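Data first, discussion second: the structure below is written as structure tokens.
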Amino acid sequence: MFTPRELALERGWPGKLQDDRVIQVAAQTLEAFFTGGGQAREHNVYPLADVALRPPVLRPPSIRFFEDERTFSFGNTASIYGPEDEVPAPAPVESRFCVAGVIGGEERIVGFTIVNDWRAPSLDAPKDRDFATSVGPWIETDYVPEFDFGSAYEAAARNTRLRAGDLLVAPPFAVGVDAASVDGLGTVAARWSAT
């Protein structure tokens, strides 16, 4: 998701990155694209420098934070921020950057993105983590993760249905840093301010 900087759209438009540009795509054609059933219809083209990236999943139905391949806890789906957004924090925070698998329309992982699982260590659980989750900057379908997302998927899907947009978040690969990058997945900044 993105917005041309001069429009500053809150939700943004779906798009795909190609080199140093973002191509706006029709939202109604994305499911076919992610399930391998066709191409997303293209619209306008914008230079990457002229857009702000939004979370690629604006309102995930669920977020599961995995401690290992079998153990997870749920996150707050109402507190999603983009990869460049400044997060209002209730106390001093710590960044916890993770790779996340994104569930598609066929109840399968269709791609991967970066997540910052913000924590406020001075607060008691679960309030130490439910104020913000940063997601983005995009979903990459060709990324090969190190974490065992197959086992995590089995644990998440046991006795329930997974829905398009659900996030399965691996344990952190970087903690307490100002930004984190993963080849193929981009960079997420850790910007926050006290509320």
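Annotations for the structure displayed:
- Near pairs, Cβ below 9 angstrom, 6+ apart or cross-chain, from the range 182-195 (on the phi > 0 side of the Ramachandran plot) to any residue that is among the aliphatic types (A, V, I, L, M) and crowded, with 19+ Cβ neighbours inside 10 Å: GLY186/LEU53; GLY186/ILE114
- A single member of GLU84, GLU140 is within 13 Å of ALA190 (Cβ to Cβ), open to solvent by 10 Å² or more (accessible area, probe 1.4 Å), modelled with pLDDT under 95 and under 16 Å from the mean Cα position of the chain (by Cα), and it is GLU84.
- Subset of the range 104-128 (residues that are modelled with pLDDT under 95 and crowded, with 21+ Cβ neighbours inside 10 Å): GLY104
The values are calculated or read from the model by the stated rules, or taken from the named source; none is laboratory data. This one's a predicted model, so the numbers in the text were calculated from it and none came from an experiment. As a convention, Cβ positions derive from the backbone with ideal geometry for all residues, glycine included, and neighbour counts pool all protein chains shown. Side chains are part of the model used for accessible areas, which takes the heavy atoms of the whole protein and leaves out ligands, DNA and RNA. Shrake-Rupley method; radii C 1.70, N 1.55, O 1.52, S 1.80 Å.
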